[in-house]
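Chemist: There's a structure below that I have some questions on.
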Amino acid sequence: PGFRGGDKNKFARWVQKNVVYPQIPAENGVEGKVYVEFVVEPDGSVSNIRVVRNIDPALDAEAARVIARSPRWEPGKQLGIPVRVKFTIVVNFQLQ
């Protein structure tokens, strides 16, 4: 699958740009990485979003929210036929 002329790395940059750090974890100094699994469907939509390694419920929810709002992807193809493709992405929450 392709994301806006790029790949999973371009999508990771898009996610980081669109994440809003939740207030309570920020106030408590909670940082870390949330691992999220999802599927790019044959129509380019994102589905089956699941946090596979979590840190904080608010951070986990924010990572899943941003991935769910993803623009459509160019679907992956096998022998020229669009297919489902599973990805895992890391969303890094770091306070400045």
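Chemist: Using 0.36 nm per residue, how much length does the chain from Asn48 to Ala61 gain when fully extended, once their Cα-Cα distance is taken away?
Modeler: Between Asn48 and Ala61, full extension yields 3.3 nm more.
Chemist: Give me the lysines in straight-line cross-link reach of Lys33: C-alpha distance below 26 Å, same-chain residues under 8 apart excluded.
Modeler: Counting by Cα, and skipping residues close in sequence, Lys33 has these lysines nearby: Lys8, Lys10, Lys17, Lys86.
Chemist: Per residue and in Å³, how big is the convex hull formed by the alpha-carbon atoms of the chain?
Modeler: Taking only Cα atoms, the chain has a hull volume of 81 Å³ per residue.
Chemist: Measure off, as a whole percent, the carbon and sulfur share of the 1.4 Å-probe accessible area of the chain, all protein chains present.
Modeler: About 48 percent, which is the carbon plus sulfur part of the accessible surface.
Chemist: Also, I was wondering about something else. Using 0.36 nm times the number of residues separating Ala26 and Gln78, minus their current alpha carbon distance, what extension gain do you get?
Modeler: That pair, Ala26 and Gln78, stretches by 14.4 nm at full extension.
Chemist: When the helices in the chain are scored as -39500 (n - 2.57) per DSSP H run of 4 or longer and the sum is shared across all residues, what 222 nm value do you end up with, to the nearest 500 deg cm²/dmol?
Modeler: Value at 222 nm, helices only: -8500 deg cm²/dmol.
The values are calculated or read from the model by the stated rules, or taken from the named source; none is laboratory data. Just so we're clear, the structure is a prediction, and the values are computed from it rather than from any experiment. Quick note on the areas: whole protein, heavy atoms, side chains included, nothing else; ligands and nucleic acids left out. Shrake-Rupley method; radii C 1.70, N 1.55, O 1.52, S 1.80 Å.
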